[in-house]
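Okay, structure first, notes after.
The values are calculated or read from the model by the stated rules, or taken from the named source; none is laboratory data. Everything numeric in this text was worked out from a predicted model, so none of it was measured. Please note: Cβ atoms are built from the backbone with ideal geometry, for glycine as well, and neighbour counts cover all protein chains shown.
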Amino acid sequence: MPRSTKKALLSPSKITAWLDCEHYLTLKNNPERRRNRQQSRGTSDNAKTETTQEQEIGILEAPTDFADMLRKKGDLHERKCLENYKEKFGSSVFEVPEQNREEGESFETWVERVGNPMNGEYEIIFQMPFIYEGVRGIADFLEKTENNGKVVYEPVDSKLARAGAKQGHLLQLLFYTEAVEDLTGERPEKIHVELGSGERESFLVSDYWWYWQRLRKKLIQAVETDSSTDTKPEKCSHCGICEFYWEECRPEWRANDSLVFLSGLRKTHQEALNEVGIETLTGLAAIPESHLSEISKENFDEESEQAFQTAINIWAKKSGNNLDSIHSEWKANQNRLPEIEINQLIKLWRQARLQVITTQTKEIPTHFFSEQEMLEKMTEREKSKRGESLLHLPEMNEHDIYLDFEGHPFWQIEEGIIFLFGYIEKKDGEWEYVQLWSHDKTTEKEKATKLVEFLHDRYKTHPEMHIYHYNHTERALLSDLMNDGDPTSSIVSILGHNFEDSPPEKQQLDELVNAGAFVDLLAVVRNSLQAGTESYSLKEMELLAGFIRNRKDLPEINQQDEDVNEDGSIDKGAGAVFEFELYANADLYGIKKDEDRLKRIADYNKDDVEATRQLHEWLINKRKENKELPDRTSPIPEDQEEETKSEYIQRVEALKEKIINKIEEERSGI
Ligand code: SF4
């Protein structure tokens with residue numbers, strides 16, 4: 001079959017980016033639509049570069065930032081797969097000669113030069129470049145098989161993901177499948193992914209073929225009709241690794257006072273607000289109270305109302321805008337309220353008001369929920385989490401512990417590591433910082449064991465003590481960024497993870513958990529108050545508590561502006577990971593093992609635990625100051641009797657029972 005001569009436009013990884021976000025293609029194909037036309041930072045290829053071939057496993061160039069580190073890990077994984085193939089097939093592994101970039105060889109010329117090596121001579125072909133129907137790409141591996149007596153080459157990609165192949169991985173492989181068929185006339189039967197866990201996942205091409213065909217049609221249409229230029233940036237899962245985030249979309253959202261900066265806003269909320277003509281954060285905040293009929297004065301007190309009016313006046317003066325103009329579309333919609341459950345809408349509206357006050361006055365206001373609201377939140381939670389509100393927050397005690405950890409999800413390709421458990425304890429009237437480091441999985445378990453034994457002993461001697469932590473949003477966010485399910489984003493689950501096959505430690509940990517010894521202050525904050533901040537990360541909450549960091553922050557990755565924001569916390573978390581990577585894998589990169597890196601991480605960790613302690617103190621003081629709340633710790637609500645359970649809980653339980661019955665019926669073949 002003839003090879004397509006169409007001009008190369010996109011790589012498969014760009015297609016997967018487009019799947020998440022149509023605006024990506026607009027910016028990619030239309031430089032005139034970009035704010036910064038010269039360059040873009042970051043990467044959308046989160047696993048590895050497509051057009052470079054690294055040297056043999058051995059010394060790698062040290063990564064320059066977090067995204068580069070992930071690329072290097074991807075390249076390393078690919079190299080390991082190649083070594084495995086070589087071990088098995090020896091000289092029957094064909095490594096495609098590299099593109100001669102130094103002499104200006106274009107991708108098209110390279111493809112021509114490589115030709116078609118899929119003639120049956122080689123068992124494995126490594127780094128095969130293709131151009132087909134306006135898409136270009138390099139298949140990691142092509143594996144020779146036979147189908148009905150004919151030689152067929154099946155595409156194999158190496159991916160860092162451990163939990164399983166993602167949609168984007170399959171689409172890339174389907175592109176290679178099509179390109180192989182175009183070149184050889186034989187369609188591969190299967191495609192394969194070599195996962196970071198060391199396992200292989202295989203898929204039947206026929207199961208996905210028509211989906212891929214439909215998708216390609218849509219893509220070609222988008223490219224050829226240029227309809228993609230009508231798009232606008234919509235926040236999605238790709239933003240975290242998108243090359244356009246920092247220099248294009250985020251500044252655009254900021255300039256437009258976008259709702260994406262509203263803490264707690266979901267995509268469905270944003271759609272509902274846009275539907276009635278509310279497009280900006282200030283526009284939402286400025287909805288008059290009278291329009292939210294169920295609202296009462298208690299939900300936004302007089303002081304906050306005054307602060308909001310001041311903020312709006314500052315905004316009007318600075319922007320030359322007025323409420324009539326930002327509400328013109330909403331008015332055209334007869335001031336209709338969005339289809340969001342009323343309590344949720346009030347919460348978002350209040351959050352918008354608090355954030356507008358912070359933006360305009362630089363003071364961070366707070367709103368504490370009423371005792372009744374906190375109680376309602378608690379009674380609907382499972383027993384071990386029923387104390388996570390300001391009402392039930394224990395008073396400070398000199399035997400308390402404040403704990404935090406640092407982890408690296410890609411320390412090794414196959415597994416991550418918690419490399420530091422840090423805590424403070426009071427000794428002779430002074431808070432002392434203790435750091436427990438691990439540099440491999442054996443020491444990680446030893447340190448986790450040591451920590452749990454210490455906590456358990458302390459609890460046995462001082463049952464009034466608690467272990468305070470601020471659940472690690474950074475780690476959870478990093479895990480999301482990599483699209484890899486990570487069950488270990490909270491302190492308790494991390495410790496539990498280490499004791500899956502160690503019953504004595506597991507028992508000690510369970511005892512602490514069941515006794516309510518662990519207190520997650522993030523949960524307490526979320527269940528007790530709203531603040532005028534764009535996220536509820538520790539870095540933002542510590543500002544309320546007046547905490548000032550002693551140590552300089554770790555290098556921030558890809559952060560350009562000074563705004564404190566949700567994404568900033570990822571960068572700082574990523575900074576600790578990046579520092580540890582350069583320390584732990586120094587040999588791999590041929591650099592000096594710099595002990596200062598560990599010191600910087602420990603300083604950062606120490607600040608976190610101290611900030612957690614100060615936040616605890618601030619919360620206790622706020623409870624005392626609040627005339628509407630009891631000034632001391634309230635007892636945790638007991639299990640409710642059937643008749644006193646809320647209507648909601650009763651409905652959930654009835655539904656649960658129905659589902660279980662249905663499953664049992666189906667299992668027993670009824
Ligand atoms: S930053 Fe987000 S919205 Fe902007 S192009 Fe990238 S994925 Fe799309």
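Tabulated results
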| read-out | value |
| --- | --- |
| Matching entry among GLU425, GLU444, GLU464 (being under 16 Å from VAL609 (Cα atoms), of a type outside the set (Lys, Arg) and modelled with pLDDT of 90 or more) | GLU425 |
| Test: residue in region 86-95 that is assigned to a helix (DSSP H, G or I) and among the basic types (Lys, Arg) | yes |
| Elements of type helices (runs of 4 or more DSSP H) in region 238-310, at least 3 residues being at negative phi, away from the ligand (no atom under 16 Å from the Cβ) and touching a helix residue (DSSP H, G or I) at 6+ places or on another chain (Cβ under 6 Å) | 281-285 |
| So HIS456, is it touching a residue at least 60 places away in the same chain (Cβ under 8 Å) and not aromatic (Phe, Trp, Tyr) | no |
| Filter result (touching a residue at least 60 places away in the same chain (Cβ under 8 Å), among the polar types (S, T, N, Q) and under 20 Å from MET465 (Cα atoms)) within region 496-528 | ASN514 |
| Selected residue (criterion: modelled with the lowest pLDDT) from residues of region 377-391 that are closer than 22 Å to ILE620 by Cβ and not basic (Lys, Arg) | SER384 |
| Some residue of region 7-19 being in contact with a Phe, Trp or Tyr (Cβ under 6 Å, 6 or more places away or on another chain), within 16 Å of the ligand (Cβ to nearest atom) and modelled with pLDDT of 75 or more | yes |
| Test result for LEU323, over 13 Å from GLY283 (Cβ atoms) and either in the same structural domain as ALA545 (by TED's automatic domain parsing) or surrounded by 14 or more Cβ atoms within 10 Å (Cβ to Cβ) (or both) | no |
| Among (1) at pLDDT 85 or above; (2) within 12 Å of the ligand (Cβ to nearest atom); (3) in a helix (DSSP H, G or I), the one test that GLU234 misses | (3) |
| Flag if GLU61 is in the same structural domain as ALA179 (by TED's automatic domain parsing), farther than 20 Å from SER13 by Cα and part of a strand (DSSP E or B) | no |
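Every residue, every condition in (1) β-branched (Val, Ile, Thr); (2) surrounded by fewer than 13 Cβ atoms within 10 Å (Cβ to Cβ), yes or no:
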| residue | (1), (2) |
| --- | --- |
| LEU82 | no, no |
| SER92 | no, no |
| ARG101 | no, yes |
| SER106 | no, yes |
| TRP110 | no, no |
| ASN119 | no, yes |
| ILE124 | yes, no |
| GLN127 | no, no |
